[in-house]
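All remarks here apply to the structure that follows.
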Amino acid sequence: MLELIGVSKNFRDSDVITQALQPIDLTVQLGEFISFIGPSGSGKTTLLNVLGLLETPCSGDYVFAGKNVSTLNDKEKSRLRNREIGYVFQSFHLLPDFCVYDNIEMPLRYSKMHSNLRRKRVWGLLEQVGLSDFAKYKPSQLSGGQQQKAAIARALVTEPAVILADEPTGNLDLNSSAEVMALLTTLNQQGTTILMATHNLDLAQQSKRVIEVRDGVIKERCLVHYASRWGIEL
Amino acid sequence: MKDLKPIISSLLRAKMAPLLLILQIAVTFTVLVNSVYLMVEKHADITAPTGLSENVLFSFQIPHQGEEQSQKIANMYKHLEAIRALESVERVSIINSIPLSNRGGGFDIKMNPDDPVYVSKAAAFTGSYDLIDTMGVKLIAGESFSLVDEEALNDLGLGRSTGVIISKALAQSLFPENWHQALGSTIYLNQVPHNIRGVVEHLAGPWSFWQYKKNNIILPTIFLMTDITFLVRSHEGLREQTMKDVVELLMQDPHLHIDELKTFTEFKEAAYQAQNAAYTTLQFVIVGLVLITMLGVFGQTRFSVLKRRKQIGTRRALGASRMEIIRYFTIENLLITLCGATLGALLTILANNLVVAHLELSPVPWPYLAYSSAIVILSGLIAAIQPAINAANISPAEATRTV
Ligand SMILES: Nc1ncnc2c1ncn2[C@@H]1O[C@H](COP(=O)(O)OP(=O)(O)OP(=O)(O)O)[C@@H](O)[C@H]1O
Ligand SMILES: [Mg+2]
């Protein structure tokens, strides 16, 4: 269970302070699939970053699987990021100097897993995302969809409890988008908690729970609400 | 070492910048090796023991123009007596020239009068029989001169058969396998045989630049030159006082002149002035080279961190701790400096071989390659600390920021 209690975040650039997140309370149960929707600049990425321990909140408490995150040091937080959380970024962020295989293996290197086990894990995931034939390719030699699949495989390789996906289909065409969404849905059905930020209502529709972020404030929404408001036929 | 392969591959991708830095380090290294070598040599030169009790010695000259020889000798002994009687004076002797004063006389040394070439060269110090004790030179074998050996003549007294005392360095160059054999052996100075009756540990020669400056001979003949040089040894810590006492004493005679009143320390400083200047210059050169290396490494590491902010953020998001990021950049930097040092070492060895083959100079000894590598690698590591810490402080959220 992930629990935000009065968590806020602001950014200070010289003398300009941006309140990206107002104090927020949010509880995420394990196994949920939540979509965060909202206009650009509303705070979706910031919220996901806080949830994913990429950003430290300015106030409030974040309890991750029973641990108060604010009491953890860098090493412990790095370990949590490594073991419990998988990230899927809008622009993939595969490391350009490594081949697909090495990219997927990277989190396991940080977790100091034995190399035999690592090999089995990575090949299994390459199979699962359909990239077995591209293991030795550099990221620049892959299509966007393939890169995102590799990135998802990388996110899954430590078998994390939570996957964070910030506009995972933002740079993909329709077909690739559908494939990536199918992958995420399957994972969720297998028990992985998925937290996704998106602009795309069609995609949000595929999740169990939708949360709207607006000016750093969150509101639980049902899709019907959006459908009627934006005139979409469900 | 799990990061080694990708570090190398990303260095290879970057090509130009690391390569230039490696070349820069290699060239710096080559200059550094030679500078360190020269500096250590200069240092050894400057700090080499003179063998003399440097802090209690001073000397002066009394000109004896137009005096009869017998008058000259009588006056000299009168002065010696009077000075010796002063309370602050421990000893006083006559000497032909002061070590490191840039004045003196040298000889070819032969082991046989018929040898066509000399075995070595040496300078001669000659004066009162107790000159060794006044100088504070340490006798390590054989025996010293005694009063009966002393004689005042108009030359160095090479024809006399009192025997000579030589420095250990000279003994070693005559008998490289065992210098003790020098004792009792005969050497030839200007075809005249001399028995070696004693060996002293260290004795600086007249000229600090002379190749044979450690080879010296002592004879017990007072050489009656126009100017008689007195070497005075004061009691510990009383040199200033003693100088004043001696001058006051001698000035009681209104006809007397004193020249060249100088402490031994002054002679030594003057003799090593050039070496000291070179030593200081070399220190600046070395510091400069180290700074250049550090600047290069600092710039390259900073650049490589700046270029990879997103990648570093991504690694952090995937679970790399701060330490692991610091380690990555440390290894990268070590690789570059190691390549530079290795290339520099190859260049140095190449240059060494050329120097040895064509110029008959002594090559830079091996350990200096190790010292210089250590200097280069250490300065590289220090220079990379700040950029590496900067890299470790990049937020993992960097990975999610657009642009
Ligand atoms: N590192 C930062 N420094 C300063 N301001 C920031 C930073 N990150 C985010 N912000 C600001 O915080 C607010 C929320 O940004 P955030 O990226 O969370 O929005 P978003 O909902 O993800 O937008 P988008 O849909 O365009 O991705 C914005 O006003 C943004 O300018
Ligand atoms: Mg965003």
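The values are calculated or read from the model by the stated rules, or taken from the named source; none is laboratory data. Just so it is clear, the structure is predicted and the values come from calculations on it, not from any experiment. Positions of Cβ are generated from backbone atoms using ideal geometry, with glycine treated the same way; all protein chains shown enter the neighbour counts. Protein only, heavy atoms only, side chains kept; ligands, DNA and RNA dropped before computing areas. Shrake-Rupley method; radii C 1.70, N 1.55, O 1.52, S 1.80 Å.
Expressed as a whole percentage, what fraction of the accessible surface of region B:66-255 belongs to carbon and sulfur atoms when a 1.4 Å probe is rolled over the protein heavy atoms?
The computed percentage sits at 49.
Given H placed 1.01 Å from N in the peptide plane, which residues other than close sequence neighbours of B:Val200 have an amide H under 5 Å from its amide H?
Answer set, sorted by chain and number: B:Ile140, B:Ile166, B:Ser167, B:Lys168.
Before anything else, pin down the relative contact order of chain A: Cα pairs under 8 Å, at least 6 apart, normalised by residue count, whole percent.
Contact order relative to length: 29 percent.
At a threshold of 8 angstrom on Cα-Cα distance, excluding pairs fewer than six apart, so keeping six or more, what relative contact order does chain B reach in percent?
27
How far, in degrees from 0 to 90, does helix B:273-307 lean away from the longest principal axis of the Cα atoms of chain B, to the nearest 10?
The answer is roughly 0 degrees.
Of B:Leu347, A:Leu174, A:Leu183, which has the most accessible area and how do the rest follow, probe 1.4 Å?
A:Leu174, B:Leu347, A:Leu183
Mind listing the phi-derived Karplus ³J(HN,Hα) values for region A:178-183, rounded to whole Hz, using 6.51, -1.76 and 1.60 with θ = phi - 60°, and x for any glycine or proline?
Result, ordered by residue: 4, 5, 5, 4, 4, 4 Hz.
With both partners inside chain A, how many of the DSSP beta bridges are antiparallel, as a percent to the nearest 5?
55
Any chance you could look up the accessible area of A:Arg81 with a 1.4 Å probe, heavy atoms only, rounded to 10 Å²?
The accessible area of A:Arg81 comes to roughly 10 Å².
Top to bottom by accessible area (1.4 Å), largest first, where do A:Thr18, B:Thr221 land?
A:Thr18, B:Thr221
Chains A and B: buried accessible surface, both sides, probe 1.4 Å, rounded to 100 Å²?
2300
Can you list residues from other chains, or at least 5 along the same chain, whose modelled amide H is less than 5 Å from the amide H of B:Val92?
Answer set, sorted by chain and number: B:Arg233.
I need to check one value: relative contact order of region B:66-255, counting alpha carbon pairs closer than 8 Å and at least 6 residues apart, in percent.
The normalised contact order for region B:66-255 reaches 32 percent.
Which of the listed residues, B:Leu23, B:Val40, B:Thr281, is farthest toward the dipole's positive end in chain B, when Lys, Arg count +1 and Asp, Glu count -1 at the beta-carbon?
Going by the Cα projections, it comes out as B:Leu23.
Tell me, what is the 1.4 Å probe accessible area of B:Leu338, in Å² to the nearest 10?
80
Taking the dipole about the Cα centre of region B:66-255, with the C-beta of Lys and Arg at +1 and of Asp and Glu at -1, give me whichever of B:Met76, B:Pro254, B:Leu158 is farthest to the positive side.
Final value for the positive-end residue is B:Leu158.
Using protein chains only and a probe of 1.4 angstrom, how many square angstrom of A:Asp15 are accessible, to the nearest 10?
Approximately 130 Å² for this residue.
Using Cα atoms only, what is the angle between the long axis of helix B:366-392 and the major principal axis of chain B, expressed in degrees (0 to 90) to the nearest 10?
40
Quick check: the angle from helix B:69-85's long axis to the longest principal axis of chain B, C-alpha only, nearest 10 degrees?
Helix B:69-85 sits roughly 60 degrees off the main axis of chain B.
Would region B:11-66 count as rounded, prolate or oblate if I go by the C-alpha gyration tensor, calling it rounded below 1.5 in a/c and otherwise prolate when a/b exceeds b/c, oblate otherwise?
Prolate is the answer for region B:11-66, as a/c is 1.5 or above and a/b outweighs b/c.
Arrange the residues B:Arg84, B:Arg315, B:Arg13, A:Arg221 by how much accessible surface each exposes, largest first, with a 1.4 angstrom probe.
B:Arg13, B:Arg84, A:Arg221, B:Arg315
Any of B:Lys121/B:Lys168; A:Lys112/A:Lys136; B:Lys110/B:Lys168; A:Lys112/B:Lys310 with alpha carbons more than 20 Å apart? Name them for me.
Beyond 20 Å: A:Lys112/A:Lys136; A:Lys112/B:Lys310.
Which one of A:Leu156, A:Ile5, A:Val180 is farthest out on the positive end of the charge dipole of chain A, using unit charges on Cβ (Lys, Arg +1; Asp, Glu -1) and the Cα centre as origin?
Checked the options; the winner is A:Leu156.
At 0.36 nm per residue, and after removing the present C-alpha to C-alpha distance, how many nm does the segment from B:Glu236 to B:Gln69 gain when stretched out fully?
Difference between extended and current length: 56.6 nm.
Taking A:Lys9 as the anchor, which aspartates and glutamates have their alpha carbon closer than 18 Å to its alpha carbon, excluding any fewer than eight residues away along the same chain?
Candidates past the 8-residue exclusion: A:Asp25, A:Glu55, A:Asp61, A:Asp166, A:Glu212, A:Asp215, B:Glu398.
Taking amide H positions as placed in the peptide plane 1.01 Å from N, state which residues far from B:Gly127 in sequence (5 or more) or on other chains have amide H under 5 Å from it.
HN-HN under 5 Å from B:Gly127: B:Leu219, B:Thr221.
When the accessible area of chain A is computed with all protein chains present and a 1.4 Å probe, what percentage of it is carbon and sulfur?
Percent of accessible area from carbon and sulfur atoms in chain A: 49.
Report the antiparallel proportion of the DSSP beta bridges in region B:66-255 as a percent, rounded to a multiple of 5.
70
Accessible area per residue of region B:66-255 at 1.4 Å probe, in Å²?
46
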